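Each remark here refers to the structure printed beneath this line.
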Ligand SMILES: NC(=O)c1ccc[n+]([C@@H]2O[C@H](COP(=O)([O-])OP(=O)(O)OC[C@H]3O[C@@H](n4cnc5c(N)ncnc54)[C@H](O)[C@@H]3O)[C@@H](O)[C@H]2O)c1
């Protein structure tokens, strides 16, 4: 069986590609080695057994070539960043997906299953409960509120502080360009798949952690950013007050989810959350990692925030669990595996500070008004 993994030179795609090789599949990877992810070119971890096509998922001729002879597609390539180049999110994430299905139909290709990488970002500010008004899907918090260091979500009816609930698949409400593009991408895939009779599933990953996460891009790299800062004797910066809740999942569990929906026809036509189902505050994450690394410096909480960040985001995993999937690795294993991997790769230059500076210059990172921020230590 021949499988195509788009974005297969990246973090998650390369692990999927390895798992497919281990199953005896012929694996082709289509990846443009996006310079913000791979400034040093083809990564050394990419198996030589993989047929590598260097090219862009937005390019018709390239995608047609990459699809030739393929039965299954894992569409992992995506543009993910905090930068305000809005149209790139849609070209890379949505148009590429439509193009895949367009070519499968037009050329009558042999693809029988497509699995698309979606994201927890389709939930935007998330799902909350108000004691008086029930379920609330709040809009993004206004800049004027965040500029005052006021981080809580409030009920639009009574202005009471809302309590977060686990994110359920049925209620997407994306806020920023990345989340909107990922929701549009999965809708395009599921609807076009149904129209054309191609089995299709979408997986909404939470924050995925593990070896091979790029050192270079600024997106979803909390483990990389914190470990590198602790190792360099610097204090990592925590945005907002650090009490925001997150959901971390090991890349091996994400790979298992991809293989499960590949094999299980009950997954066709559906989107599934892939997370831990467990809430971890950023403060707790930093505290546990700092203890593990024996780092002397506590993180700084300078009273800054990142435009587009959401407050609490923890997924319900009941829908995928009902198909037999389960979480096998927790935070301890996530840290142990990541630190072991860091020891095994040559050290890269410090791109974290440069990425932080770029976000500040473009207004993505902002400070709260003087006197309103907290500067507590972890
Ligand atoms: N890492 C996470 O925590 C996370 C969370 C939610 C969703 N996701 C989704 O999972 C997928 C994989 O993410 P990742 O963390 O492995 O990212 P990554 O950046 O490590 O890998 C993405 C790969 O796609 C390639 N790529 C980007 N644009 C391309 C284009 N136009 N043409 C061809 N290749 C292109 C990059 O070169 C890279 O190798 C993405 O779809 C992402 O949206 C990731």
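The values are calculated or read from the model by the stated rules, or taken from the named source; none is laboratory data. Given the structure is predicted, the values throughout are model-derived calculations rather than measurements. Positions of Cβ are backbone-derived with ideal geometry, glycine not excepted, and every protein chain shown enters the neighbour counts.
Values computed for the structure shown
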quantity	calculated
Residue count for the range 34-72, restricted to those that are in a strand (DSSP E or B), surrounded by fewer than 17 Cβ atoms within 10 Å (Cβ to Cβ) and more than 9 Å from the ligand (Cβ to nearest atom)	1
Residues of the range 260-272 satisfying the condition of being assigned to a helix (DSSP H, G or I) and buried (at least 17 other Cβ atoms within 10 Å of the Cβ)	260, 261, 262, 267
Verdict on residue 287 being over 20 Å from residue 327 (Cα atoms) and touching a helix residue (DSSP H, G or I) at 6+ places or on another chain (Cβ under 8 Å)	no
Leading residue by the ranking (nearest to residue 31 (Cα to Cα)) among those in the range 73-88 that are in contact with a helix residue (DSSP H, G or I) (Cβ under 7 Å, 6 or more places away or on another chain) and within 9 Å of the ligand (Cβ to nearest atom)	77
Selection from the range 339-354 of residues that are in contact with a helix residue (DSSP H, G or I) (Cβ under 7 Å, 6 or more places away or on another chain) and either crowded, with 20+ Cβ neighbours inside 10 Å or at pLDDT 95 or above (or both)	352
Residue count for the range 80-90, restricted to those that are within 18 Å of the chain's Cα centre (by Cα) and either at pLDDT 95 or above or part of a helix (DSSP H, G or I) (or both)	4
Selected residue (only one of 275, 303, 324 is touching a helix residue (DSSP H, G or I) at 6+ places or on another chain (Cβ under 9 Å) and on the phi > 0 side of the Ramachandran plot)	324
Failed item in (1) on the phi < 0 side of the Ramachandran plot; (2) at pLDDT 95 or above, with residue 40 passing the rest	(2)
